[in-house]
Amino acid sequence: MSSITPTSRHSLTRFLIEEERAGHIGPDLRLLIEVVARACKRISIEVGKGALGGVLGDAGTPGAASMNIQGEAQKKLDVIANDVLMEANAWGGHLAGLASEEMDHSVPIDDMYPRGNYLLLFDPLDGSSNIDVNISVGTIFSVLRCPEGVTVPADEHYLQPGTSQLAAGYCTYGPNTTLVLTVGHGTHAFTLDREIGSFMLTTRGMQIPAETQEFAVNMSNQRHWQPPMQAYVADLLAGKTGPRGKDFNMRWVASMVADVHRLLTRGGIFSYPLDAKCEAKGGKLRLMYEANPMAMLVEQAGGAASTGRQRMLEVQPTGLHQRVPVFLGSRNEVEAAVTYHRQHDAATA
Ligand code: AHG
Ligand code: MN
Ligand code: MN
């Protein structure tokens, strides 16, 4: 008689079944995450084709790239990734509706399919300026509950604070493809085993060190920043002999997914503050499908996430594509950045 010996590595499927048995998720949320993970595998394959697949460059016609609601030129892969996520999630019966960076408004699940209880928001391809130069990009997603009694959700039904997220995650398409997920019980990483086509659990319970000596910011915006950010970064740059008493290193991939993956792996602070260029819009990064899912993942890994003036997850959204300033990562460093804002605001009140 042969016995079945469990392998030491768990697949995402097994992990999710165990989360369901532990009472952390229900079967529909398990299906939802499986479907998103499958879509990410497809996106990973498309991204990996590069120039051979004809997937690089702008969407639209030559000289007239198509624009999304943000007024940003769409890359071919932005559109492909959006279509893959939409198609994968349309028919499973687990969702009531979807919203994406690349679509002006949310879309309810079509009448021809059953509608479920969840809302899915996503940035189908994050860091798309990096696509054509073969640097890591990713997908970010957030799951909310469809409000009680709502059968055809509209944009307003998505406007829930980040504390209401039931699950959040991202998938990074880099040297390897890694899915990082939380369902509110820790943050876990799954690496795609390309030979068997499954995501395998590679880090259970990621932990961001509270202290760091590494920061991520687009320094070319320095002259446009507000005074508290100017003061904060000036002190980081002053190093060992400055008020912070230690040297800092800087990294900026310009793919939020890649920058956040680095700080989840080895600590750090990521920031996209208000600057004179994005101030009128409220910031650069989008609350609902960039800042909030990353904030949940980071908090679940022991880190912190803030706008500089408020805990990110407590911001009450006012628009699907709303933008916010972002500071997230190592807890003590985020607290340091927040302190510069608090002191500046107190001095100028
Ligand atoms: P997206 O490609 O989804 O529009 O997001 C890009 C975002 C984020 O990934 C990154 O951190 C930031 O924009 C890069 O901004 P800069 O171009 O100012 O470096
Ligand atoms: Mn993005
Ligand atoms: Mn994007």
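The values are calculated or read from the model by the stated rules, or taken from the named source; none is laboratory data. Small disclaimer: the values here were computed from a predicted structure and weren't measured. Note that we place each Cβ from the backbone using ideal geometry, even for glycine, and neighbour counts take in every protein chain shown. Ligands, DNA and RNA are excluded from the accessible area calculation, which covers all protein heavy atoms including side chains. Shrake-Rupley method; radii C 1.70, N 1.55, O 1.52, S 1.80 Å.
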Open item on the list: Looking at the stretch 243-281 only, could you name the residues that are within 15 Å of ligand 2 (Cβ to nearest atom) and in a loop (DSSP other than H, G, I, E, B)?
Closed with: W252, V253, A254, S255, C278
- [ ] Would you be able to say whether some residue in the stretch 54-77 is among the charged types (D, E, K, R) and away from ligand 1 (no atom under 16 Å from the Cβ)?
- [x] no
Open item on the list: Here's a check for you: in the stretch 196-222, which residue that is part of a strand (DSSP E or B) and touching a residue at least 24 places away in the same chain (Cβ under 8 Å) is most open to solvent (accessible area, probe 1.4 Å)?
Closed with: T202
Task: Residues (hydrophobic (A, V, I, L, M, F, W, C), more than 12 Å from ligand 1 (Cβ to nearest atom) and open to solvent by 10 Å² or more (accessible area, probe 1.4 Å)) located in the stretch 114-144 - done: V133
Task: Tally, over the stretch 288-304, of residues that are closer than 16 Å to Q322 by Cα and more than 14 Å from ligand 3 (Cβ to nearest atom) - done: 2
